Amino acid sequence: MLSNLGQLKSVFFILTIVITYKSVANLNCIPLFSISEAPEFLTENWFTTNRNLNQYFKELVTGGLKDKLTSSVQPIKWLDAGAGQAIAIRDTLKNKKFQSKIDKAYSVVYKKPNDGQTDLNNDIELFKNKFMYIEGDYIENLFSEGKLKDLEGNLDIITDLFGPLTYTKDLSKVVEIYLKLLKKGGELEFNIGLMNTSGNPWLYLQFIDSNGKKINNAEEVLQEWFSKIKGVEIIKQDISGFNDYSINFLIRKISDNIEIPKFIFESYDDLLVPPFRTFKLPPP
């Protein structure tokens, strides 16, 4: 883990100079893929789908989920977005120490992975009174179609570990959805992939200013952006990873009056997993 963000800034600056990329999309007004446009890495689940609870505790370095499961007095409602096989939630429901801490648990995925389906389906049936597995579309569409309506304002914590926030074309919209689903006092814990420095290094995320100039410090952009969201407070943030660097946040909803600054989608390279995304800042 890096305790000094300055080290990461230096690497970002170098990567920004040496990396060239192909933009596969440049449609500022289209924030989502249609189902027919879904990248193969998404439809075929090319990313990790089997992270267990201990890996969540390790990789969500801001500690919000672990604190809820160890210290919460009342059972919690937990949604895990981009949950894959939902192993973290299933581990929790099978753990004698933690199972009583769960009131309801929800996994949201674009598509159920092929791996582990039998065990997953068995656990969906076994824990049907506590566990719901929601699949079949992007979380943006699930929300707009009312399929998450019953969850609005009811969740104690949402986790997103290399989930929608690492893949979406609309960061602002996904954060807005999460905050609408949380109850006042609820927490959002997530990471956003920044870059990979192993082998041939590449970026996962880049920002440009309103004039199209590259901004080298993506983590500073994100920190400033989250600090400007009205109705939330940043509880903790950190950088995690050895070769795969991510920025991690734990934020708390402190008001139902939420205002979120907008990023403008610029480009998306789905030849990489996670994809290389570029967002433009609005004019000052």
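The values are calculated or read from the model by the stated rules, or taken from the named source; none is laboratory data. In this text the structure is predicted, and so the values were computed from the model without any measurement. Quick reminder, even Gly has a Cβ in these numbers, built from the backbone with ideal geometry, and neighbours come from all protein chains shown.
In segment 144-167, which residue that is without any contact (Cβ under 8 Å) to a residue 40 or more places away in the chain and touching an Asp or Glu at 6+ places or on another chain (Cβ under 9 Å) is surrounded by the fewest Cβ atoms within 10 Å (Cβ to Cβ)? Here the answer is GLU145. If you go through segment 222-261 and keep only what is of a type in the set (D, E, K, R), surrounded by fewer than 20 Cβ atoms within 10 Å (Cβ to Cβ) and under 17 Å from the mean Cα position of the chain (by Cα), you end up with LYS236, ASP238, ASP244, ARG252.
Name the residues in segment 230-284 that are over 16 Å from GLU176 (Cβ atoms) and hydrophobic (A, V, I, L, M, F, W, C), would you? Within segment 230-284, ILE234, ILE235, ILE239, PHE242, ILE247, LEU250, LEU271, LEU272, VAL273, PHE276, LEU281 qualify. All of PHE226, PHE207 fail the test of being in contact (Cβ under 8 Å) with a residue 24 or more places away in the chain and closer than 18 Å to GLY64 by Cβ, apart from PHE226.
Per-residue answers, yes or no, for (1) at pLDDT below 95; (2) in contact with an Asp or Glu (Cβ under 6 Å, 6 or more places away or on another chain):
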position: GLY231; (1), (2): no, no
position: ILE239; (1), (2): yes, no
position: TYR245; (1), (2): yes, no
position: ARG252; (1), (2): no, yes
position: ILE258; (1), (2): no, no
position: LEU272; (1), (2): yes, no
position: LYS280; (1), (2): no, yes
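Tallying residues that are within 26 Å of THR118 (Cβ to Cβ), touching a residue at least 60 places away in the same chain (Cβ under 8 Å) and not hydrophobic (A, V, I, L, M, F, W, C) within segment 65-102 yields 2. Regarding segment 185-200, can at least one residue be identified that is aromatic (Phe, Trp, Tyr) and in contact with an Asp or Glu (Cβ under 9 Å, 6 or more places away or on another chain)? Within segment 185-200 (the criterion being aromatic (Phe, Trp, Tyr) and in contact with an Asp or Glu (Cβ under 9 Å, 6 or more places away or on another chain)), the answer is yes, since at least one residue qualifies.
Residues of segment 244-270 that are in a loop (DSSP other than H, G, I, E, B) and either in contact with a Leu (Cβ under 9 Å, 6 or more places away or on another chain) or touching a residue at least 60 places away in the same chain (Cβ under 8 Å) (or both): ILE254, SER255, ASP256, ILE258, ILE260, PRO261, LYS262, PHE263, ASP270. In summary, GLU189 fulfils each of the numbered conditions (1) modelled with pLDDT under 95; (2) crowded, with 21+ Cβ neighbours inside 10 Å with the single exception of condition (1).
Tell me the residue from VAL273, VAL221 that is part of a loop (DSSP other than H, G, I, E, B), more than 30 Å from GLN74 (Cα to Cα) and β-branched (Val, Ile, Thr), please. Break it down into steps so the answer makes sense when it comes.
Values: VAL221 fails: part of a loop (DSSP other than H, G, I, E, B).
After ruling out the rest, the residue left standing is VAL273.
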